[in-house]
Amino acid sequence: MSSLVVLAFKNMTDAEEMREKLYDFQRRELITLEDAAVVVRKKNGKTKIKQAHSLVGSGALGGAFWGMLIGLLFFAPWLGLIAGAAGGVLAGKLGDIGIDDSFIKEVSETIEPGHSALFLLARDAQLERIEEELSDMEFTIIETNLSPEDETKLRETFAAEEIAG
């Protein structure tokens, strides 16, 4: 079973530092990363997404997934009724693949302007060992599990988005 995990930081640099640590954890087989992206939310509220191609294998979800998820989390609340309708469509699509509204709401409320986050699709994590090694870093973990069926739907949905785009 895979988990969609967000590690949220109260500054704009620690998510990238964490990405490097997770690369080491993956190399040491403490976690399997299927996809990852760093999101920096600038002080003006705009976001910058950096997909972590070096961390993941050929099963990565790609830019369509991260773009839609980040767009839903940060842009839809501010764009008025049109974006609200589009956000509703996206929320419905994410809900259909196992990403629930409470996860979406918690992420959008946690990552404020001036913060950063590392978004991960991961499995097989040795959490106790990882937590020990990360005890010097301060972050919030937000997580939702995806069943194998939900993960398949997620991949199919966003593979279709990549082809259509």
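Quick look at the values:
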| quantity | calculated |
| --- | --- |
| Among 143-150, 15-22, 107-114, the order from most to least packed when residues are scored by Cβ within 10 Å on average | 15-22, 107-114, 143-150 |
| Residues of type aspartates and glutamates that K153 reaches as a straight line, Cα spacing below 13 Å, ignoring anything fewer than 8 places off in the same chain | D96, E161 |
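Read-outs throughout are calculated quantities, based only on the coordinates presented, and are distinct from any laboratory measurement. For clarity, every value in this text was computed on a predicted model and none was experimentally measured. As a convention, Cβ positions derive from the backbone with ideal geometry for all residues, glycine included, and neighbour counts pool all protein chains shown.
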